[in-house]
Every structure is written in structure tokens, then in C-alpha cells.
Amino acid sequence: MTEVQTSPGRKRSAGLSLSEVIPAVERRPPDPQPANRAPAPGDLQLVQALVNSFHNLDTRREEFDSPAGLTDWLIRRELLDPGERLTHADLTRVLDVREGLRALMYANNHEPVKQDSIERMNRALRAPGLAVQLDASARPDFRSARRDLDSALALIATIVAVAQLDGRFARLKACPGHDCGWAFYDSSRNQASGWCSMQICGQRAKARAYRRRRTGRQPKARRTS
């Protein structure tokens, strides 16, 4: 593969490899989590960070408010070459992937499946450029010829696919709290956690349920994205 210069004394391949992405993920400090939860482990931190890019714990700021914001997010995670320029169509595509992943995480939390979101995600993920590399003495690796958006999304999907097969992905859940949707990692032994924070979303849900019982009102439809 062709190598490109990224900083003085440091070279990087022009393509993208899962074996390169995982160390890059682990070098970044983990994002803050509600109720002092542990972040998702290893490569799943990248998936969790993508889904949680629609707000943070304090300001609910959308990180992908423009193609430039998305570009910066991907470059900081070494998923995109600095020379790449993304478009509004690229932004829409990534948002479709993000909300499809959130729909899968709602399903992990026993919430209704939003099949339309999952279908849009799968359409957004249809792109060439990723190949499996096999070796007799090393773990299989997934590589692309370029470091572009197709490759970044393919690698994220690969992380999810492998985690679904080995069971780790079932622990990534979306919080069903009103206007929440935060992706959290359920590290409990029996995978019984249902809220990003029992002290925040859990208590709010209990308070709303109590007020409904007192007034006899029917609950409003809950927002799930």
C-alpha cells in the first residue's frame, strides 16, 4: 500500500485497516458516561461514540451539524484523510447509519424495532472497498484501499458485525428515557440495565408514571430517536 506522510517522522498507509483503527480508538480518552458507567470496551467505543455524537451529557450538542463537523470527527479518529472533503449527501448517509445503529441498540433494550431506520442504515452501508485479509498466524483483518468515508463506515459496520457474532453488541443499549437515546454499555452480569442512568432517566420515568397514575392520563408516545 502507498504510504502518506501525516506528521514529521510518522507515516501512515493510504488505506485503512481494522488493526489500525482499534489502537487509534484505544489511544483516545473514553467519552464521559452518565452515572460513572464504564464506556464500551475496545473497538465498541468507536460505535458508541458515533451513536452518541447527537448530544453530549451537558448540552445535547449535535456534533454532525455540517459536513465540516463530520469531517473533523472522522479525522480526529484517524478514519479519514485530512484532504477528504465530505458533502451534505455524505452527512445524510452517516446520519442514516447512526440512527440505524441506535435502532439496533433500542432493540437490545427490548424496545420496538424501528425497521425503517435499519433499512436506511443498510442502504447507506452498501459500498465497495473492504476486503478480508487472512493469515495463518494472526487474526483476520479487514482492509480497504483508501481512507475515505466508504472505508470508515465499512469498518464501523465490521466492528458491529463481529460484536454481534461474539455477543458483545447485545450489551450496547439505547436508553429509552424521554428525549434521550444515549448509547450505554450494560456491564451488569445479567444484562438487566435498562437506563443510561437510573438516577436521571430512570427516576424521571418513575415520576412521570406516578403523575399519570395520579391524574389517570394515558402516556404519550415516547420518542425513540
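Values quoted throughout were computed directly from the atomic coordinates according to the rules given, and no laboratory measurement underlies them. Owing to the predicted nature of the structure, the values given are computational and were not obtained by experimental measurement. Here Cβ is always computed from backbone atoms with ideal geometry, including for glycine, and neighbour counts include all displayed protein chains.
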Exercise. Please say if the stretch 16-88 is rounded, prolate or oblate, where rounded means a/c under 1.5 for a ≥ b ≥ c the square roots of the C-alpha gyration tensor eigenvalues, and otherwise the choice is prolate for a/b larger than b/c and oblate otherwise?
Key: oblate
Self-check item: Relative packing of peptides 123-136, 77-90, 155-168 - highest average C-beta neighbours within 10 Å first
Solution: 155-168, 77-90, 123-136
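Taking 0.36 nm per residue of separation and subtracting the Cα-Cα distance, what length does fully extending GLU119 through ARG37 add?
26.5 nm
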Quiz prompt | Average projected area [Cα convex hull, the stretch 116-180], square nanometres | solution = 6.3 nm²
Practice problem: Could you please report the charge total around GLU84, scoring K, R as +1 and D, E as -1 over all other residues with beta-carbon less than 10 angstrom from its beta-carbon? | Solution: 0
Quiz prompt | Ellipsoid semi-axes in whole angstrom, largest first, where each is sqrt(5λ) of the Cα gyration tensor of the stretch 7-215 | solution = 32, 19, 17
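Note the full-extension length gain between HIS88 and LEU134 as 0.36 nm times their separation in residues minus their Cα-Cα distance, in nm to one decimal.
Working: separation 46, 0.36 × 46 = 16.56 nm, distance 3.59 nm.
The HIS88-LEU134 span can extend by a further 13.0 nm.
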